[in-house]
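> Okay, handing you the structure first.
The values are calculated or read from the model by the stated rules, or taken from the named source; none is laboratory data. Worth saying up front: this structure is predicted, and the values here are computed from it rather than measured. Note that each Cβ is placed from the backbone with ideal geometry, even for glycine, and that neighbours are counted across all protein chains shown.
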Amino acid sequence: MEEAYVIGVDYGSDSVRSVILDAANGAEIAASVFYYPRWKEGLYCEPQKNQFRQHPLDYTEGLEATIKGCLQKAGKTVAAKVKAISIDTTGSTPVAVDKTGTPLALLPAYAENPNAMFVLWKDHTATKEAAEINAHAEKFDVNYLQFVGGIYSSEWFWAKLLRILRADEGVRNDCYSWVEHCDWIPFLLTGGADVSQLKRGVCSAGHKALWAKEYDGLPPNDFFASLDPLLDGFTSKLFTETYTADKAAGNLCPEWAERLGLSTEVAVGVGAFDAHMGAVGGQIEPYHLSKVMGTSTCDMLVAPIEEVQDKLVKGICGQVPGSVIPGMMGLEAGQSGFGDCYAWFKNIISWPLNNLLKNSAVIDAATADALKKEIGDSIITELSKEAAKLPLDEKDELAIDWFNGRRTPDANQLLKGALTGLSLGTDAPRIFKAIVEATCFGAKAIVDRFNNEGVAVKGLIGLGGVARKSPYIMQMMADVINMPIRIHKSEQTCAAGAAMFAATAAGLYEKVEDAMAAMGQGFDMEYHPDEEKAAVYAKRYEQYMKLGGFLEKTVDE
């Protein structure tokens, strides 16, 4: 292969990261990160209402800043040999657009309207709408939820669309179509000006929007019109055709080529969700559950389509041919809260630091800020060290990890987290230990669901920041699931996966598996279960399931 470079862009919940990789071997040439300024200020979000919105300017500013930052580090020689760009995003994170495909928040009338912005994956304002979709689906002879695990989530495309249309008359009148973040960025980069020409990825369409080849596209208009007249005719403004992420959405348009300092010959790949591309960046293997672990988890599994056949795994986030690797079945599960659970507890115990230290009469403001940062940066690390020293007992404090609802198995965003078994002897490390256990128990519930539904999990792959930086959590996960877990060497598997898809979209590789083999960085850590601890955790897992069942009944009642 002649000297060639590709760019992978990974949109996370808090920031966007771009990387330039050598297409021949995956070596990282440059990387750049941009933290969303409006999001960082907490704008347009109301956590108490589970409302989390992001302004498209955070995305476009970050796109330009990170790619230009990478190119500046890499130099003009590299920039001249960039062949393609591909992107991944969180999801489902859709937005209302006009006929040109412009997000309404980019229009002056809607610049400060949260309903005109991207509805972030963890926005749970549409729980009512999701419940209505689930009840409505039971009225039809065809089960339109069969390929998304049988339960529709408030985190997904249609629930969020219906919620926005109901909540905001202005947006309702000016919303021509509804577009996922991962589909909009390639449309933007290729100079799209007609939303009907926007290429939708099979990843987002199949897992979140109910698209399936068995329906020749989306469910029929009658399904949506009879749910709510506001949706009557909306499918005609959406799509019937979808594309796998190894295909090109087009080439870089003149405007963005000039803004970025690249050629219009640069290919732009079809977009997909972060975990799906991250699984490829982490060198996924058939029947190995690839766990992208960050604020939440997304668990990806691929299997030959002919082996899965007609098996439908209940309660997951869907199974879609080609959504991860073209030609294979892609199955998705995950937890709504993972790193967010640890961050929640960190925020709880940091309250004095965040609220009292600044008023101290003992130290000056600069010292207070420095102390706050120093302690804040070390809290999780120190809690992990102390929690690891604690003996393991069946009667230890017990937690449920549904602090942000439950994604899988069996989506229910109305569920809440819990802590039980507290005493006057319970301290911060013990509570932290219980929360970590709960997230690991939640991970085991997903593995059990796959196994019980006939799609066996034969191995675990850990990806992302938590996997690489938290030995305590990873060892506990191996113990709880009672299965070894390999940790991928790359800290940026999502961006790396996007770059692999970019290389394939540019024609540098015939298929993404070839790009994955050539550009993958391999594994450098592995955690093995401790048999004695695994036996105790098996009993505690039964307690977790029993407590979770009790909590779920109280919500249903």
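> Is one or more of the residues making up the stretch 23-35 in a strand (DSSP E or B), in contact with a Leu (Cβ under 9 Å, 6 or more places away or on another chain), crowded, with 23+ Cβ neighbours inside 10 Å and touching a residue at least 12 places away in the same chain (Cβ under 8 Å)?
There is no residue in the stretch 23-35 that is in a strand (DSSP E or B), in contact with a Leu (Cβ under 9 Å, 6 or more places away or on another chain), crowded, with 23+ Cβ neighbours inside 10 Å and touching a residue at least 12 places away in the same chain (Cβ under 8 Å).
> Where residues in the stretch 132-165 are acidic (Asp, Glu) and farther than 16 Å from CYS317 by Cβ, which of them is farthest from the chain's Cα centre (by Cα)?
That would be ASP141.
> Still on this model: Considering the stretch 396-409 alone, what residues qualify as being part of a loop (DSSP other than H, G, I, E, B) and within 15 Å of TYR544 (Cβ to Cβ)?
Residues satisfying the conditions are ASP396, GLU397, ASP401, TRP402, PRO409.
> Every residue in the stretch 195-211 that is hydrophobic (A, V, I, L, M, F, W, C) and within 11 Å of ASP183 (Cβ to Cβ), please.
Passing the criteria: VAL195, LEU198, VAL202, CYS203, ALA205, ALA209.
> Can you name every residue in the stretch 409-460 that is modelled with pLDDT under 95 and of a type in the set (Ser, Thr, Tyr)?
Hits for the stretch 409-460: nothing passes.
> Only residues in the stretch 473-486 that are charged (D, E, K, R) count as the first member; pair them with residues that are assigned to a loop (DSSP other than H, G, I, E, B), Cβ under 6 angstrom, at least 6 apart or cross-chain, and list the lot.
These pairs meet every condition: ASP479/PRO529; ASP479/ASP530.
Residues checked against (1) of a type outside the set (A, V, I, L, M); (2) touching a strand residue (DSSP E or B) at 6+ places or on another chain (Cβ under 9 Å); (3) surrounded by 12 or more Cβ atoms within 10 Å (Cβ to Cβ); (4) without any contact (Cβ under 8 Å) to a residue 24 or more places away in the chain:
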position: ASN359; (1), (2), (3), (4): yes, no, no, yes
position: ALA370; (1), (2), (3), (4): no, no, yes, yes
position: ILE380; (1), (2), (3), (4): no, no, yes, no
position: TRP402; (1), (2), (3), (4): yes, yes, yes, no
position: ARG406; (1), (2), (3), (4): yes, yes, yes, no
position: LEU415; (1), (2), (3), (4): no, yes, yes, no
position: ALA428; (1), (2), (3), (4): no, no, yes, no
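> Which residue, of ASP377, ASP401, ASP393, ASP427, is within 21 Å of the chain's Cα centre (by Cα) and acidic (Asp, Glu)?
After applying the criteria, what remains is ASP401.
> Identify the single condition in (1) among the polar types (S, T, N, Q); (2) surrounded by fewer than 21 Cβ atoms within 10 Å (Cβ to Cβ); (3) in contact (Cβ under 8 Å) with a residue 60 or more places away in the chain that ASN452 does not satisfy, given that it satisfies every other one.
(3)
> Quick one: in the stretch 109-154, which of the residues that are closer than 24 Å to ALA96 by Cα and of a type in the set (Asp, Glu) is surrounded by the fewest Cβ atoms within 10 Å (Cβ to Cβ)?
GLU112
Each row is one residue, and each column tells you yes or no for (1) modelled with pLDDT under 90; (2) in contact with a Gly (Cβ under 8 Å, 6 or more places away or on another chain).
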residue	(1), (2)
GLY281	no, yes
TYR287	no, yes
GLY294	yes, yes
GLN309	yes, no
TYR342	no, no
ASN359	yes, no
ILE379	no, no
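> Mind checking which residues of the stretch 92-151 are over 18 Å from ARG172 (Cβ atoms), in a helix (DSSP H, G or I) and in contact with a strand residue (DSSP E or B) (Cβ under 7 Å, 6 or more places away or on another chain)?
Across the stretch 92-151, the qualifying residue is only PHE147.
> Now a separate question. Residue by residue through the stretch 265-291, note down the ones that are under 19 Å from ALA505 (Cα atoms), more than 13 Å from the chain's Cα centre (by Cα) and of a type in the set (Asp, Glu).
Within the stretch 265-291, just GLU265 meets the criteria.
> Is it the case, given these coordinates, that ALA515 is at pLDDT 95 or above, in a helix (DSSP H, G or I) and assigned by TED's automatic domain parsing to the domain that holds ALA248?
Yes; evaluated as a whole, the condition is true for this residue.
> Moving on. Just to verify a result, which residue in the stretch 293-346, among those that are of a type in the set (A, V, I, L, M, F, W, C) and within 13 Å of the chain's Cα centre (by Cα), is farthest from ARG200 (Cα to Cα)?
Per the criteria, the residue is PHE338.
> One residue is enough: does the stretch 292-304 have a residue meeting the conditions out of contact with any helix residue (DSSP H, G or I) (no Cβ under 9 Å at 6 or more places or on another chain) and not assigned by TED's automatic domain parsing to the domain that holds GLY91?
Yes, because at least one residue in the stretch 292-304 is out of contact with any helix residue (DSSP H, G or I) (no Cβ under 9 Å at 6 or more places or on another chain) and not assigned by TED's automatic domain parsing to the domain that holds GLY91.
> Can you tell me which residue is surrounded by the fewest Cβ atoms within 10 Å (Cβ to Cβ) among those in the stretch 2-22 that are in contact with a Lys or Arg (Cβ under 8 Å, 6 or more places away or on another chain) and part of a loop (DSSP other than H, G, I, E, B)?
GLU3
> Also, I was wondering about something else. Which numbered condition trips up GLY465, out of (1) more than 18 Å from ALA388 (Cβ to Cβ); (2) surrounded by 20 or more Cβ atoms within 10 Å (Cβ to Cβ)?
(2)
> Looking only at the stretch 1-27, which residues are under 25 Å from the mean Cα position of the chain (by Cα), within 20 Å of ALA267 (Cβ to Cβ) and not hydrophobic (A, V, I, L, M, F, W, C)?
GLY8, ASP10, TYR11, SER18, GLY26 - these are the residues of the stretch 1-27 that are under 25 Å from the mean Cα position of the chain (by Cα), within 20 Å of ALA267 (Cβ to Cβ) and not hydrophobic (A, V, I, L, M, F, W, C).
> Here's another thing I want to ask about it. Does any residue of the stretch 389-407 turn out to be in contact with a His (Cβ under 8 Å, 6 or more places away or on another chain) and under 30 Å from SER153 (Cα atoms)?
Yes; the residues of the stretch 389-407 include at least one that is in contact with a His (Cβ under 8 Å, 6 or more places away or on another chain) and under 30 Å from SER153 (Cα atoms).
> If you don't mind, another one. Can you tell me which condition TYR44 does not meet? The list is (1) closer than 20 Å to ASP274 by Cα; (2) in contact with a Lys or Arg (Cβ under 8 Å, 6 or more places away or on another chain), and all the others hold.
(1)
> Name, by its number, the condition in (1) under 19 Å from ASN451 (Cβ atoms); (2) buried (at least 20 other Cβ atoms within 10 Å of the Cβ) that does not hold for CYS341.
Only one criterion in (1) under 19 Å from ASN451 (Cβ atoms); (2) buried (at least 20 other Cβ atoms within 10 Å of the Cβ) is unmet by CYS341, namely (1).
> With respect to LEU422, is the statement that it is hydrophobic (A, V, I, L, M, F, W, C), free of Cβ contacts under 8 Å to residues at least 60 places away in the same chain, assigned to a loop (DSSP other than H, G, I, E, B) and over 30 Å from ALA27 (Cα atoms) true?
Yes, satisfied.
> A follow-up question, please. State which residue is surrounded by the fewest Cβ atoms within 10 Å (Cβ to Cβ) when the search covers only the stretch 493-510 and only residues that are under 18 Å from the mean Cα position of the chain (by Cα) and of a type outside the set (A, V, I, L, M, F, W, C).
The residue in question is THR493.
> Name, by its number, the condition in (1) modelled with pLDDT under 95; (2) surrounded by fewer than 22 Cβ atoms within 10 Å (Cβ to Cβ) that does not hold for SER490.
(2)
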